[in-house]
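The values are calculated or read from the model by the stated rules, or taken from the named source; none is laboratory data. What you see is a predicted model; the values in this text were computed from it and never measured. Neighbour counts run over all protein chains shown; Cβ positions are idealised from the backbone, glycine included. All accessible areas refer to the heavy atoms of the entire protein, side chains included, with ligands and DNA or RNA removed. Shrake-Rupley method; radii C 1.70, N 1.55, O 1.52, S 1.80 Å.
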Amino acid sequence: DAIERDRRVLAHYAASVAVPLIIKEQVYGSLVLYYADPQEFTQEKVNVAATFSEQAALAIENARLYTAELALRQHAERFQAISNDWDVS
């Protein structure tokens, strides 16, 4: 199960930090950074991780929007083809 897998991974690292992947109040998951050496997570380090997660979430959202746009375009093309078949002018 996922919790046990996470525990096995964490056993190999001295520190980790997780930040959410959120765009427009939609949560896509989380970004987890693992460190072999013990770390103190200063606000600056957390801010860097949060900035990186925002960029990753934007990339995920852009990919989702692109996929949705392609699907809409294909639907419009099929609709146009059907409309042309019914055109009796």
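Do we have any residue at all in region 63-86 that's modelled with pLDDT under 90, open to solvent by 80 Å² or more (accessible area, probe 1.4 Å) and not in a helix (DSSP H, G or I)?
no
Quick check: is even one residue across region 43-63 farther than 30 Å from LEU10 by Cβ and without any contact (Cβ under 8 Å) to a residue 40 or more places away in the chain?
Yes: one or more hits.
Within region 25-39, identify whether any single residue is surrounded by 11 or more Cβ atoms within 10 Å (Cβ to Cβ), in contact (Cβ under 8 Å) with a residue 24 or more places away in the chain and small (Gly, Ala, Ser), and answer yes or no.
Looking through region 25-39, none of the residues is surrounded by 11 or more Cβ atoms within 10 Å (Cβ to Cβ), in contact (Cβ under 8 Å) with a residue 24 or more places away in the chain and small (Gly, Ala, Ser).
Within region 9-51, how many residues turn out to be over 13 Å from the mean Cα position of the chain (by Cα), part of a strand (DSSP E or B) and either under 29 Å from ARG64 (Cβ atoms) or of a type in the set (Ser, Thr, Tyr) (or both)?
Number of matching residues: 6.
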